[in-house]
Amino acid sequence: MKTSFELVAEFRETQGKGASRRLRHEGKVPAILYGGHADARTLTLSHQKLLIMLDNERFYSTILNLKVGDQTQAAILKDVQRHPFKNAIVHVDFQRVEENEKIRISIPLHFTGAAVSPGVKSQGGIVSHMRNETEVSCLPKDLPEFIEVDISGLSLNESIHLSQLKVPPGVTLTDLVKDDAAVVAIHSPRAEEPEPTAVAAAGEPTAEGAAAPPAAAAATGAAGADAAKTPAAAKKEEAKKEPAKKDAKK
């Protein structure tokens, strides 16, 4: 059975939130190893070394070699619990791997041929990835590191589904049981919204009946009010002003 990474761990006897908190303060990560027709065992790992390995994509999808003292155990990573805002690992789960038993694990999808596909090269389309990994079931010896998805033949508005992926012999796509979902497609780019013109930005009316902008209304308010008066109202205003004019002459 081929393994890709070796992790040195220690058995952990103490359990509980308090014990786990003390381990994290010491630069260690609490972990658990289960499966393989054996009892679950609690472990501790070096936090710094684990962080380095988690930066490698292959760490999530290959068989690991857990070394505890003079014992070794093949395992796969099943879950990683991270701190909500710190770059810290809170807990990890491993599952034992037996050579003659199938495992279920998510492996990455590697997309190739985008630059030469008709949909991108000559039709101006954009590649959209619906998923970057898929779960498979197989014996440990048949586990691929990744599945290649060739999109060099895709045209605009075409896609590739799970059922079209080429998987190695002995490998089954477990996600395909749920739904033959699309994994990648080429679609037209979204049309950009036009920028507002200078007239629209200044608040000028763009349609008949639109209200005048506040600045224009303020500038023409007095004139507009005078224009709105009827002839009768204008005469009354003039009559009221006459006595004042005569007193001023005296």
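Scoring VAL183 on the criteria (1) touching a residue at least 60 places away in the same chain (Cβ under 8 Å); (2) open to solvent by 20 Å² or more (accessible area, probe 1.4 Å) leaves a single failure, condition (2). Could you list all residues from the range 146-162 that are within 29 Å of ILE63 (Cα to Cα) and of a type in the set (D, E, K, R)? Correct list: GLU148, ASP150. Meeting the requirement of 1 or more residues that are farther than 13 Å from LEU7 by Cβ, the strands (runs of 3 or more DSSP E) wholly within the range 37-102 are 41-46, 71-82, 89-96.
Yes or no: the range 61-77 includes at least one residue that is within 26 Å of ARG21 (Cβ to Cβ), surrounded by 14 or more Cβ atoms within 10 Å (Cβ to Cβ) and hydroxyl-bearing (Ser, Thr, Tyr). No, the range 61-77 contains no residue that is within 26 Å of ARG21 (Cβ to Cβ), surrounded by 14 or more Cβ atoms within 10 Å (Cβ to Cβ) and hydroxyl-bearing (Ser, Thr, Tyr).
Sort out which residues of the range 96-108 are surrounded by fewer than 20 Cβ atoms within 10 Å (Cβ to Cβ) and touching a strand residue (DSSP E or B) at 6+ places or on another chain (Cβ under 6 Å), and write them in order of number. Matches in the range 96-108: ARG96, LYS102, ARG104, SER106, PRO108. Applying the selection to the range 82-95, what residues are in contact with a His (Cβ under 7 Å, 6 or more places away or on another chain) and buried (at least 17 other Cβ atoms within 10 Å of the Cβ)? ILE89, the sole residue that qualifies. Among the residues of the range 116-150, the one identified as among the small types (Gly, Ala, Ser) and open to solvent by 80 Å² or more (accessible area, probe 1.4 Å) is SER122.
Counting only residues that are open to solvent by less than 60 Å² (accessible area, probe 1.4 Å) and out of contact with any helix residue (DSSP H, G or I) (no Cβ under 6 Å at 6 or more places or on another chain), which one in the range 156-170 is farthest from ILE103 (Cα to Cα)? Among residues in the range 156-170 that are open to solvent by less than 60 Å² (accessible area, probe 1.4 Å) and out of contact with any helix residue (DSSP H, G or I) (no Cβ under 6 Å at 6 or more places or on another chain), the one farthest from ILE103 (Cα to Cα) is SER159.
The values are calculated or read from the model by the stated rules, or taken from the named source; none is laboratory data. On a predicted model such as this, the values are computed, not experimentally measured, just so you know. Counting neighbours? That spans all protein chains shown, and the Cβs are built from the backbone with ideal geometry, glycine included. Each accessible area value is taken on the protein alone, full model and side chains, heavy atoms only, with ligands, DNA and RNA left out. Shrake-Rupley method; radii C 1.70, N 1.55, O 1.52, S 1.80 Å.
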